[in-house]
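Notes follow once the structure below has been shown.
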Amino acid sequence: MDVVDYIVLFVYFAGMAGIGIWAMRRIKGQEDYFMGGRKFGKLFQTFAAFGAGTGSADPVNTARGTFANGMSGMWGVMYWLFVTPLYWISAVWYRRMRCLTLGDWFVERYESKRIGVAYALFGCFYYMVYGAMLFTAIGKVAVPLMGDTLFGMETEYVLVPLVAVVVTLYGVLGGIAAAYWTDLVQGICIILLSVLLIPFGLQAVVDKFGSNDDSWTDGFRVMHEQLPASNFTILGGDATSEFPLYAIVVIVIMNMIGIVLTPHFIVTGGGTAKSEHDARVGLVTGNFIKRFCTIGWVITALIVLTLFSSQPELIADPDKAWGTATKELLGPIGIGLVGLMLACLLAALMSSVDCYMLVCSALVVRNIYVPFVNPEAGEKKCLLLGRVTGAIVVLGSVVISIAVMDMFALLKQTWIVPMTFAALFWMGMYWRRATTKAAWITVTFCLASFFVIPHLIPALAPSLRTDESFSKVNQIVETITIRLATPSDIAAGRTQTIGESITDTKKTGGKAIYWSGGLKPVTKDAKPIFEELSRTVAEGKTKIAKTYASPMRGEGTFRFDMLIYDKLLGIDLTTVSDAALKTLEFPFKIIAPFLVMIIASLLTQPNSKKALDRLYVRMKTPVEPDSRKDEVELEKSYADPSRFDHQKLFPGTGLEVQKPTKLDFLGFLLCFAICFAIIGLVLLVAGIGA
């Protein structure tokens, strides 16, 4: 990076801090700090949803996935696409809750302040992990740009804390208003980030592989000439792909269930909006903008794959693909473009982290400090604690980021952690019979089965690590292909002659079925011995299937849910692909909590009818933008809890499902149509130059 790049970064940091100081002067109380007075319209709600939902990890994960899998790697981020229609419905929930935190809603629904504490702790842990993933992304991008060291230390360990200080400064000072104003600026930066590398990258592709008559727009055609056709398919079809269709479906379902109960949705999901319609339009539009940006990230990643597929550094760590592209494509141009790119990535991080830290602050103040520590706390004390809590959450994210520095491992945790409260939220929203005791039983079950038991089993029975029945892997498949060399092989240094026969070898499998950390030989420093299971030759390809023949030892935690497939259902897990083995981790975590919640609710005492009536009638009462009129409507509803019973889809039952309105129905269908239109656009992009 040049001096001008650092100047760009300094100007950006100073601008964000200035907004925080300006917004601080407008804060009068908790509602101003945590909710901005509920006065934001469509524009601010759109960029709040876009900013909070678009982190620095998204372009980096897209680049990583595309570098490893071709265009199907976009599903590492694009899986949120088919969750978006749900937002048209859920935005109304958050506005009608009329709560400062989702913890407040859990407290009221389950008549338990301690449920609020549990949810607050969940929220803080979730955002520390999610924030860690965003900070890790910045570290991965910064290394190729700034070098391995900065001020005598590893670059990640200098830059990540520095960014944390700035985001903490403006977020802690200015509250949600500062976050929303910076999100507006940062949203524009993120859109710029999504397209900035494309023209320079296409020109570089043409310069390296094209002819003298080609312009930069011919770069798409040249990419098709250089890369195999499989890199331009959006669904992984072979055993090497991370994202076959079944994996995408399971991940979409898991995130559809889990995302709506994450704490920041009470803010960016609609709780800060002037009206229900502003909440809906803002949440849906902001998330659709992100999907269009994802297409730009995919194009950039394909350019990286075309230009740098043979770089050992990227093969070893694809997370660095975006940083390498920035360095190689923008670095030679100068004029501050590298600094601008890094500022745009920082904008993606900061627009998310500022929201998360404020949400956690609200949870701690509202659901732990006031009810259990200081019920008489005034506004000043609450605001001070909120600011301190926000800083602690960011610090926790930094610590986890520096300790882990693994993007995909952190991403998987952000899918699993929300399942702890998923059944409580969905059952509580729609089923009167969901009980407080069942809620505690379900949370305990999730904590035990997701996080405690997998560590406890090998600790209590260490012999399992070397037990042959639990030391199995899916088959190691080595595919050897003999083909004619292409221009990209010459560029990669594999050969010097086009048309010469070269050999490609791909390896898949060898993933431990029961152990999260894989398998290692029992004898230290010994090399594993393999047993060949089969060998087939067809159409120039030789496939060799083998497995370990030497004694192996399981590492990491014990995946006991695999017993369901292996022992109970009799599925031969040694024959499934890597993607299938990963996908099988999720069904238990999706289904089991709901079964536990339903059974436990039916066996325990129902909650108070009076409390449930008050909660559900409020959730059915449309919001009036004028707060005084809204109070009048709420009083009418509280006086007559059956006021909206004629709208129930299942009258006379304990199911609180409302008949969809015309606006609900048409908006939901339009959102689905836009989803498929975006997929159509991706296919169109994939075909350019083919």
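For the range 534-618, state which trypsin sites (Lys or Arg not before Pro) are in a DSSP loop and have at most 12 other beta carbons lying within 10 Å of their beta carbon.
none
Whose amide H sits under 5 Å from the amide H of Phe530, counting only residues 5 or more places off or on another chain, with H placed in the peptide plane?
Ala549
Using only Cα atoms, tell me the angle between helix 337-364 and the longest principal axis of the chain; keep it within 0 to 90° and round to the nearest 10.
Between the helix axis and the principal axis of the chain, the angle is about 40 degrees.
With axes computed from alpha carbons, what is the tilt in degrees of helix 84-97 against the longest principal axis of the chain, rounded to the nearest 10 within 0 to 90?
30 degrees
In straight Cα distance, which aspartates and glutamates are under 14 Å from Lys320, not counting same-chain residues fewer than 8 positions off?
Counting by Cα, and skipping residues close in sequence, Lys320 has these aspartates and glutamates nearby: Asp58, Asp148, Glu156, Glu328, Asp406.
Roughly how many Å² is the accessible area per residue of the chain, as a whole number, for a 1.4 Å probe?
Accessible area per residue: 41 Å².
Relative to the longest principal axis of the C-alpha atoms of the chain, give the angle of the C-alpha long axis of helix 276-308, reported between 0 and 90° and rounded to the nearest 10°.
Its long axis makes an angle of about 10 degrees.
To the nearest 10 square angstrom, what accessible area does Met153 show with a 1.4 Å probe?
Here the residue's solvent-accessible area equals roughly 100 Å².
What is the set of long-range amide H partners of Ala512 at a cut-off below 5 Å, with H atoms built 1.01 Å from backbone N?
Gly518, Leu519
Show that you can apply the helix-only estimate: for the chain, add -39,500 (n - 2.57) for every DSSP H stretch of four or more residues, divide by all residues, and state [θ] at 222 nm to the nearest 500.
Details: 27 runs with 420 residues, N = 690.
Using -39500 (n - 2.57) per qualifying helix, the result is -20000 deg cm²/dmol.
Tell me which residues come under 5 Å, amide H to amide H, from Gln658 once H is placed; ignore anything under 5 positions away on its chain.
When sequence neighbours closer than 5 places are left aside, the close amide H contacts are Leu649.
What's log10 of I(q)/I(0) for the chain at q = 0.12 Å⁻¹, Debye sum over Cα points only, no solvent?
Here log10 of I(q) over I(0) equals -1.41.
Output the pairs from Lys511/Lys589; Lys42/Lys290; Lys511/Lys567; Lys290/Lys511; Lys546/Lys582 with a Cα-Cα distance over 23 Å in this structure; if there are none, say none.
Lys290/Lys511
Round to a whole number: what % of the accessible area of the chain belongs to carbon and sulfur, probe 1.4 Å? Don't skip to the answer; put the middle values down first.
Numbers: 18190 of 28350 Å².
Carbon plus sulfur share of accessible area: 64 percent.
The values are calculated or read from the model by the stated rules, or taken from the named source; none is laboratory data. Because the structure is predicted, anything quoted here is derived from the model rather than measured. A quick note on method: Cβ atoms are made from the backbone with ideal geometry, for glycine too, and the neighbour counts reach across all protein chains shown. Each accessible area value is taken on the protein alone, full model and side chains, heavy atoms only, with ligands, DNA and RNA left out. Shrake-Rupley method; radii C 1.70, N 1.55, O 1.52, S 1.80 Å.
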